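> If you scroll down you'll find the structure; I have some questions about it.
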Amino acid sequence: MLMKLTGGKVYDPAHGIDGEVRDLYIRDGRIIAHPHGEAVSVDQEFDCRGKVIMSGAIDMHTHIGGGKVTIARNLLPEDHRNDPVPRSGLKRAGAGHSAASTLTTGYRYAEMGYTAGFEPAVLPINARQAHMEMADVPLLDVGGYVMLGSDDFFLRLLSSGVDQEVINDYVAWTVHSSQCIGIKVVNPGGISAFKFNQRSLDLDEQHQYYGVTPRGILQSLTRAVHELGIPHPLHVHGCNLGVPGNIETTLNTISGVEGLPMHLTHIQFHSYGTEGDRKFSSGAAKIAEALNKNPNITVDVGQILFGQTVTASGDSMRQYANHGHAHPNKWVCMDIECDAGCGVVPFKYRDQNFVNALQWCIGLEIFLLAEDPWRIFLTTDHPNGAPFTTYPHLIRLLMDKTFRNDRLATISPDAAALSTLGSIDREYSLYEIAIMTRAGAARLLGLHDRGHLGAGAAADITVYTEQDDKEAMFTRPDYVFKDGELIVRKGEVVKIVWGNLHTVRPEFDRAGIESRLKPYFDRYHTMAMDNFVIRDWEIEDDGRSQILVHPCRGQA
Amino acid sequence: MCKAIVAINQVTRCAALPLGGQEGDRTASQVAAWISGFPTRVGYLQGFPEYDPYHYGAERLLLEGEADLLVWVSTLSTNPPPETQVPTLVIGRSGMVFSKEPEVFIPVGVPGIDFSGHMYRCDNVVALPLYQLRDGGLPKASNVLKAIEEAMGPESS
Ligand SMILES: [Zn+2]
């Protein structure tokens, strides 16, 4: 079957195409070169004249699976009771505003033109649950970043001073076993330190039991990811999340990896100074300057937007420290196995609250001061800064200076007065939005056949009607295609398909590392090593999800 | 107890490990939570999930005559369903013994023996893989449910 999308304005930054009118052809789920020569018989044509075409959007950091999301669901029946989603058409029922049910999550993403989302906090021992939940998110490709850096086995290796080779093998073994595409570190060593009753762990502070520092952990893991050739750099949720003055830690973290690739996630939460009467100020300018100067660094913002949400994080140390802010007043913190931990704290961001209003400004300042859209990504750290359904609103804030300044005039005046936001004229272009939400994200993760519209790309495509109101434009695409199937028409789901699971499988010495791991599992773990490893059949046997393995550097 | 744990954590570390569940109820509760947003005992009468452990408790619904049909899905245990006046459809582990024959009994295989699958441990945190150990020729409960759904047609799915 040959499909043709005729006459749309195409934004395809991976090929430098900035709003050119072009025809796109789709066959067998892939974009193909323009068929020439012999009589071309198009089976289905979509008139895209006057419309904007981009590849499907990719959310490179969104908490859509894993135990903590379901803890949040169980913790917040009011989140679901207040936002019921009746079944309609092809869509089954669901519920939820900030921690929506899995089916509803998939429908909402697709209806906004997203075709992939990556869960950034997969606990190795709980990876199976993350995959089971993500498998129940329809219409969306998924993948996970597996968390290391506070796990007992790694900290033992590091403190015993083993060769980097051994750490590399362990990192690779964990990516394979958990069926993930990247490595995440959350509050490096801090989740473990909290188990030993340390209440903070700054970059050069020692873990009292293992004697290692966050700096050492970051250096070891960035190097492992780099040497294994995993495309996505180490995904770092740094020390001291949310602490006023953490900008110094963040800047030292950037210089600490000595030029190796590193991704700093939800950077907004790590960009706080201590100036002013309230000892809380924006560090956005300094962070943006460091980002602009260090090409090895990428960031996603973790923008906050006002309203009720829930924060769900592996950072049990910082979540515990923030539990006093819980709204409504209930929360969960967990130490989990030898692995890590998690914390779930519901939260309401208020526009008249000085700190929240300044957080809103800081995120936007970082977006607008960062020069290279290929190295900054549009996220709210769903649901931590706001639910992902706010993305169209966030896009409008970035693209429309008047709209932004009107909003700025409504927030806490004390916060607005301390922010440079009102003096920033920049407006993001559609091309830059396409980079941040598509081409850049695909490049960052090593997804060769996603995030672009060239021949051979998977036909994940979104078609919008161009509008001045960018929030309206990005809320309701005209068409969304997933692997060549039309799944959304005029903002409504018209077909249910199941997405792929994106993974990488770096090469490593399995026998060598398993000879260390097997006795470790037998002695310390609550499950056998064999059961820890997630097999392909667990993902693929229901006939819905397919595992896609992307090459690491050096692999064919 | 939760309050004691919270208080102790102000100065040192302390945690509780809640354990419980059997016959797959932890697993059912987890899946119900991610699919519907709520634990088990959810009603879909209004077209969307409503959580009400009292009103949607199966025992009460049967006792007070509010149910028209009991569908009993139980693939791990051979314990029979509660006896009731309403017609009963059992999709149950092969070998289930009934004191009152149900209207329909579809014997199915057991996950972890006849089929692969997943099951939560009693800590409600870690899910383990279940492996297929034999081919007993019995159908899988999920396939039986899918077939019933298909037979009822798209309007009722
Ligand atoms: Zn996050």
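> Of the residues A:Ala193, A:Ala135, which is within 12 Å of chain B (Cβ to nearest Cβ), of a type in the set (Gly, Ala, Ser) and open to solvent by 10 Å² or more (accessible area, probe 1.4 Å)?
After applying the criteria, what remains is A:Ala135.
> Could you please find all residues in region A:52-81 being open to solvent by 40 Å² or more (accessible area, probe 1.4 Å) and either among the basic types (Lys, Arg) or in a loop (DSSP other than H, G, I, E, B) (or both)?
Of everything in region A:52-81, just one residue is open to solvent by 40 Å² or more (accessible area, probe 1.4 Å) and either among the basic types (Lys, Arg) or in a loop (DSSP other than H, G, I, E, B) (or both), namely A:Arg81.
> I've got another one for you. What are the residue pairs meeting all of these: first residue in region A:539-551, first residue away from chain B (no Cβ under 14 Å), second residue among the charged types (D, E, K, R) and assigned to a helix (DSSP H, G or I), Cβ atoms under 7 Å, and 6 or more apart or on different chains?
What qualifies is A:Gln546/A:Glu540; A:Ile547/A:Asp536; A:Ile547/A:Glu540.
> Yes or no: A:His34 closer than 30 Å to B:Asn124 by Cα, away from chain B (no Cβ under 14 Å) and either open to solvent by 10 Å² or more (accessible area, probe 1.4 Å) or within 16 Å of the ligand (Cβ to nearest atom) (or both)?
No.
> Kindly provide the set of residues from region A:82-107 that are touching a helix residue (DSSP H, G or I) at 6+ places or on another chain (Cβ under 6 Å) and either assigned to a helix (DSSP H, G or I) or over 23 Å from A:Pro346 (Cβ atoms) (or both), ordered by number.
Correct list: A:Lys91, A:Arg92, A:Thr102.
> Before we move on, is A:Thr250 among the polar types (S, T, N, Q), assigned to a helix (DSSP H, G or I) and either open to solvent by 40 Å² or more (accessible area, probe 1.4 Å) or more than 16 Å from the ligand (Cβ to nearest atom) (or both)?
no
> State all residues of region A:231-247 that are out of contact with any Pro (no Cβ under 6 Å at 6 or more places or on another chain) and assigned to a loop (DSSP other than H, G, I, E, B); if no residue qualifies, say none.
If the condition is that a residue be out of contact with any Pro (no Cβ under 6 Å at 6 or more places or on another chain) and assigned to a loop (DSSP other than H, G, I, E, B), then A:Pro231, A:His232, A:Gly238, A:Asn240, A:Leu241, A:Gly242, A:Val243, A:Pro244, A:Gly245, A:Asn246 are the ones that fit.
> Since A:His235 meets every condition but one in (1) within 16 Å of the ligand (Cβ to nearest atom); (2) more than 19 Å from A:Asp315 (Cβ to Cβ), which condition does it not meet?
(2)
Yes/no per residue for (1) touching a Leu at 6+ places or on another chain (Cβ under 7 Å); (2) surrounded by fewer than 21 Cβ atoms within 10 Å (Cβ to Cβ):
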site: A:Asp406; (1), (2): no, yes
site: A:Thr437; (1), (2): yes, no
site: A:Gln467; (1), (2): no, yes
site: A:Lys495; (1), (2): yes, yes
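> Out of B:Val6, B:Val11, which single residue is assigned to a helix (DSSP H, G or I), under 27 Å from A:His323 (Cβ atoms), facing another protein chain (nearest Cβ under 10 Å) and open to solvent by 40 Å² or more (accessible area, probe 1.4 Å)?
Among B:Val6, B:Val11, only B:Val6 is assigned to a helix (DSSP H, G or I), under 27 Å from A:His323 (Cβ atoms), facing another protein chain (nearest Cβ under 10 Å) and open to solvent by 40 Å² or more (accessible area, probe 1.4 Å).
> Do we have A:Ile217 as closer than 21 Å to A:Ser159 by Cα, in contact with a Gly (Cβ under 9 Å, 6 or more places away or on another chain), within 14 Å of chain B (Cβ to nearest Cβ) and part of a helix (DSSP H, G or I) here?
no
> Shifting gears a bit: Of the residues in region A:53-76, how many are farther than 19 Å from A:Tyr109 by Cβ and either away from chain B (no Cβ under 14 Å) or away from the ligand (no atom under 16 Å from the Cβ) (or both)?
Going through region A:53-76 one residue at a time, the tally reaches 3.
> Those residues that are within 23 Å of the chain's Cα centre (by Cα) and either open to solvent by less than 10 Å² (accessible area, probe 1.4 Å) or aromatic (Phe, Trp, Tyr) (or both), I need them from region A:469-485; list them, please.
Answer for region A:469-485, where residues must be within 23 Å of the chain's Cα centre (by Cα) and either open to solvent by less than 10 Å² (accessible area, probe 1.4 Å) or aromatic (Phe, Trp, Tyr) (or both): A:Met473, A:Phe474, A:Pro477, A:Val480, A:Phe481, A:Lys482.
> Follow-up question, since we're still on this one. Is it the case that region B:147-156 has a residue that's at pLDDT 95 or above and within 17 Å of the chain's Cα centre (by Cα)?
no
> Still on this structure, I have one more. Report whether or not A:Lys518 is open to solvent by 60 Å² or more (accessible area, probe 1.4 Å), in contact with a strand residue (DSSP E or B) (Cβ under 8 Å, 6 or more places away or on another chain) and either without any contact (Cβ under 8 Å) to a residue 40 or more places away in the chain or farther than 30 Å from A:Pro124 by Cβ (or both).
No: the conditions fail for A:Lys518.
> Of all strands (runs of 3 or more DSSP E) completely enclosed by region B:39-157, which ones contain at least 1 residues that are without any contact (Cβ under 8 Å) to a residue 12 or more places away in the chain?
Passing ranges, in order: B:127-130.
> Same structure, new question: Does A:Glu227 meet the test of being away from the ligand (no atom under 16 Å from the Cβ), of a type outside the set (A, V, I, L, M, F, W, C) and not in a loop (DSSP other than H, G, I, E, B)?
Criteria met by A:Glu227.
> Any idea how many residues of region A:124-146 are closer than 20 Å to A:Pro231 by Cα and either in contact with a helix residue (DSSP H, G or I) (Cβ under 7 Å, 6 or more places away or on another chain) or in a loop (DSSP other than H, G, I, E, B) (or both)?
Number satisfying all stated conditions: 4.
> Next question. If you check A:Glu45 against the conditions, is it without any contact (Cβ under 8 Å) to a residue 12 or more places away in the chain, assigned to a strand (DSSP E or B), of a type in the set (D, E, K, R) and surrounded by fewer than 17 Cβ atoms within 10 Å (Cβ to Cβ)?
no
> Just give me the residues in region A:223-244 being of a type in the set (Val, Ile, Thr) and crowded, with 24+ Cβ neighbours inside 10 Å, in sequence order.
Listed by number, the residues that qualify are A:Val225, A:Ile230, A:Val236.
> If the Cβ limit is 8 Å and pairs must be 6+ apart or interchain, which residue in region A:298-312 that is away from chain B (no Cβ under 14 Å) pairs with which residue that is away from the ligand (no atom under 13 Å from the Cβ) and among the acidic types (Asp, Glu)?
Here the result reads A:Phe306/A:Asp351; A:Gln308/A:Asp79, each pair linking region A:298-312 to a residue that is away from the ligand (no atom under 13 Å from the Cβ) and among the acidic types (Asp, Glu).
> Which of the following residues is within 12 Å of chain A (Cβ to nearest Cβ) and surrounded by fewer than 21 Cβ atoms within 10 Å (Cβ to Cβ): B:Gln30, B:Gln46?
Criteria check complete, one pass: B:Gln46.
> Among the numbered criteria (1) touching a residue at least 24 places away in the same chain (Cβ under 8 Å); (2) among the aliphatic types (A, V, I, L, M); (3) more than 16 Å from the ligand (Cβ to nearest atom); (4) surrounded by fewer than 24 Cβ atoms within 10 Å (Cβ to Cβ), which one does A:Ala284 miss?
(4)
> Separate question: Determine, yes or no, whether A:Val185 is touching a helix residue (DSSP H, G or I) at 6+ places or on another chain (Cβ under 9 Å), part of a strand (DSSP E or B) and more than 28 Å from A:Lys286 (Cα to Cα).
no
> Sticking with this structure for a sec: Residues that are among the small types (Gly, Ala, Ser), open to solvent by less than 10 Å² (accessible area, probe 1.4 Å) and within 16 Å of the ligand (Cβ to nearest atom): find the strands (runs of 3 or more DSSP E) completely inside region A:289-396 holding 1 or more of those.
So the answer is A:307-313, A:340-349.
> Does at least one position in region A:206-217 carry a residue that is touching a strand residue (DSSP E or B) at 6+ places or on another chain (Cβ under 6 Å) and more than 16 Å from the ligand (Cβ to nearest atom)?
no
The values are calculated or read from the model by the stated rules, or taken from the named source; none is laboratory data. All of these numbers come straight from a predicted model, not from anything done at the bench. With ideal geometry, Cβ positions are generated from the backbone for all residues, glycine too; neighbour counts draw on all protein chains shown. The accessibility values were calculated without ligands, DNA or RNA, using every heavy atom of the protein model including side chains. Shrake-Rupley method; radii C 1.70, N 1.55, O 1.52, S 1.80 Å.
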